[in-house]
Amino acid sequence: MAAREELIQLVKEKAVRFGEFTLTSGRKSHYYIDAKQVTLDPRGARLIGEAILDLLEATWGLPDAVGGMAVGADPITGAVVTMAGIRGKPVLGFLVRREAKGHGTQRFLEGPVVPGQKAVIVEDVITTGGSALAAASRAKEFGLNVVGVVGIIDRLEGGREAIAAAGLPCQTLLTICDLGIEPAST
């Protein structure tokens, strides 16, 4: 089975739930994608790490670093950094806190990155784009040159467009259509 089809099958089996849910954005939905069931799975992490590296190399070239909003982006960042290490590619990871750490450095951004480096924000599920945009804003405040956003799944609810409107290109590995889910009508 090809890697993309394997990832689709894994997401369908482990992450998609149907019912009534309230999303991070506050929106109501008849389905939920619990991406951590895949990003924290060894096979899922490998597939995601490889696919994101391949996508980055094919679109914007490899950045100096990848990262995003804790906690959702943390396993994605780890997967990309690990697969980059296996491939001998020097891609660093970082995480963005929702609130500054209350002790030590008291920073919003953690990791071995320095201002001026080229960075890509990673995200598990893109709905409104709010988390990715917040992470990008914090990364820019730190001094990183954010060149784009990569998500695992686009819910096709305006997030990609909101990210583009903020001046950042956005790519995803999958959309909900790949999972057999119809987009919400707007």
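The values are calculated or read from the model by the stated rules, or taken from the named source; none is laboratory data. Here the structure is a predicted model, which means the values were calculated and not measured. Cβ coordinates were reconstructed from backbone atoms using ideal geometry, including for glycine residues, and neighbour counts include every protein chain displayed.
Going through (1) over 17 Å from ILE153 (Cα atoms); (2) over 12 Å from the mean Cα position of the chain (by Cα) one by one, LEU95 falls short only on (2). Applying the set (1) farther than 19 Å from PRO75 by Cα; (2) out of contact with any helix residue (DSSP H, G or I) (no Cβ under 6 Å at 6 or more places or on another chain); (3) modelled with pLDDT of 95 or more to LEU174 leaves exactly one unmet item: (1). Selection of the range 1-35 for residues being in a loop (DSSP other than H, G, I, E, B) and of a type in the set (Asp, Glu) yields only ASP34. Would you confirm whether any residue within the range 36-45 is among the polar types (S, T, N, Q), within 16 Å of the chain's Cα centre (by Cα), in a helix (DSSP H, G or I) and more than 23 Å from PHE94 (Cβ to Cβ)? Within the range 36-45, one or more residues are among the polar types (S, T, N, Q), within 16 Å of the chain's Cα centre (by Cα), in a helix (DSSP H, G or I) and more than 23 Å from PHE94 (Cβ to Cβ). Residues that are surrounded by fewer than 17 Cβ atoms within 10 Å (Cβ to Cβ), among the polar types (S, T, N, Q) and under 25 Å from LEU62 (Cβ atoms) within the range 139-186 comprise ASN145, THR175, listed in sequence order. In this structure, THR127 does satisfy being in contact with a Ser or Thr (Cβ under 9 Å, 6 or more places away or on another chain) and either under 24 Å from LEU40 (Cβ atoms) or surrounded by 20 or more Cβ atoms within 10 Å (Cβ to Cβ) (or both). Would it be correct to say that PRO63 is part of a loop (DSSP other than H, G, I, E, B), surrounded by fewer than 17 Cβ atoms within 10 Å (Cβ to Cβ) and at pLDDT 95 or above? Criteria not met by PRO63.
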